[in-house]
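The values are calculated or read from the model by the stated rules, or taken from the named source; none is laboratory data. It should be emphasised that the depicted structure is a prediction, and the values quoted were computed from it without experimental measurement. Methodologically, a virtual Cβ is constructed for each residue, glycine included, from the backbone with ideal geometry; neighbour enumeration extends over all protein chains shown. To get the accessible areas, we keep the full protein, side chains included, count just its heavy atoms, and leave off ligands, DNA and RNA. Shrake-Rupley method; radii C 1.70, N 1.55, O 1.52, S 1.80 Å.
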Amino acid sequence: QSNIKEQDLFKPDVALEMARNAETDLLLSGKFYQINDSMYIEVELKDTHSQKFVRREVVHGLGMEQLFAMVDNLSDKVRTNIRGDLEEIHSDPINLVEMTTSVEAFRCYSSALENNEKFFFTESEECIEKAVSLDTNFAAGYLFLADIKFRVNKREEAKSALMEAKKRIEKLTLADKYQLELLELRFDYDRKKHIEKLQEAIAQFPTHIDFHIELGRIYREIGEYDDALEHFEIVRELRPNKKTIFNELGYVNALRKDFKTGFRC
């Protein structure tokens, strides 16, 4: 939004200025590097007001197979030293290493999410199928595979992938478990139950944008345009760089006969 070149974001003074503009108290930055056979990840927390370093943390391990364990270890260290109200935020205690131990599977999973965001559903389907073939215990991968299969109208394959996710449900986060239940509701659709489950999920995870988008779309379908607009506006506040949310806002404003606002979106 500030029209800053991506390479300039790595400059400490630019990053600090961006953090201040975003009205944040802390800036997290870091790097990774290799010495002999060991990989290191190093991060620093800086106070954006005083510009003083709050904390430095370093983790290391041997080889790529330890990468996710290192990330989890580092995340725990950083979280325990961040000031504020994080203790009040609902925790979802599945670590990255519990999701998958395959770096390549996680890379494919990330590509699938990216392609899905761009509406490249065929490419997304191919990526996530590769992810679960590389790690057959990748519960979150099977859940996303079920979702994408449902989107491209391959219902039987979607059901099969959903069953694989349910077999490994202990490896899913609480938010993922809500996603699983919501996907199950799509097969034998009951709008009332769907709305209730989404409201329950949002109560647990008020900043989860997918829940807000899904509920907003349902409200739009049933003509509850003001309720739909409320949830889409929440998403815009949470993720102002998510381009597709402006489509949702444009559609619902047009349905509300607010064409001026709709066209601006």
| said: When you scan the stretch 240-254, do you find a residue that is in contact with a helix residue (DSSP H, G or I) (Cβ under 9 Å, 6 or more places away or on another chain), open to solvent by 80 Å² or more (accessible area, probe 1.4 Å) and at pLDDT 90 or above, even just one? | reply: yes
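Listed here are the residues, each with its yes/no results for (1) touching a strand residue (DSSP E or B) at 6+ places or on another chain (Cβ under 8 Å); (2) over 28 Å from E237 (Cβ atoms); (3) in contact (Cβ under 8 Å) with a residue 12 or more places away in the chain.
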site: R151; (1), (2), (3): no, no, yes
site: K154; (1), (2), (3): no, yes, no
site: L162; (1), (2), (3): no, yes, yes
site: L174; (1), (2), (3): no, no, yes
site: H194; (1), (2), (3): no, no, yes
site: T207; (1), (2), (3): no, no, yes
site: D210; (1), (2), (3): no, no, yes
| task | Considering each residue of the stretch 1-15, count those that are assigned to a helix (DSSP H, G or I) and touching a helix residue (DSSP H, G or I) at 6+ places or on another chain (Cβ under 8 Å), and give that number. | result | 4
| query | Among the residues of the stretch 168-181, is there at least one that is open to solvent by 80 Å² or more (accessible area, probe 1.4 Å) and under 22 Å from I245 (Cα atoms)? | reply | no
| request: Residue by residue through the stretch 100-122, note down the ones that are within 13 Å of T244 (Cβ to Cβ) and at pLDDT below 90. | output: E117, K118, F119
| Could you list, in sequence order, the residues of the stretch 16-69 that are open to solvent by 90 Å² or more (accessible area, probe 1.4 Å), within 29 Å of I4 (Cα to Cα) and part of a strand (DSSP E or B)? | L28, K31, F32, F53, R55, R56
| note | Given (1) at pLDDT below 80; (2) out of contact with any Phe, Trp or Tyr (no Cβ under 6 Å at 6 or more places or on another chain); (3) of a type outside the set (K, R), V97 misses just (2)
| task | Only residues in the stretch 117-144 that are free of Cβ contacts under 8 Å to residues at least 60 places away in the same chain count as the first member; pair them with residues that are of a type in the set (F, W, Y) and open to solvent by less than 10 Å² (accessible area, probe 1.4 Å), Cβ under 7 angstrom, at least 6 apart or cross-chain, and list the lot. | result | A131/F138; V132/F138
| query | Quick one: H212 ticks every box in (1) of a type outside the set (A, V, I, L, M, F, W, C); (2) in contact with a His (Cβ under 7 Å, 6 or more places away or on another chain); (3) open to solvent by 20 Å² or more (accessible area, probe 1.4 Å) bar one, so which box is it? | reply | (3)
| note | Taking the stretch 131-147 and keeping residues open to solvent by 20 Å² or more (accessible area, probe 1.4 Å) and among the aromatic types (F, W, Y) leaves Y142, F144
| task | Only residues that are open to solvent by less than 30 Å² (accessible area, probe 1.4 Å), assigned to a helix (DSSP H, G or I) and of a type in the set (G, A, S): list them for the stretch 99-128, please. | result | A105, A112, S124
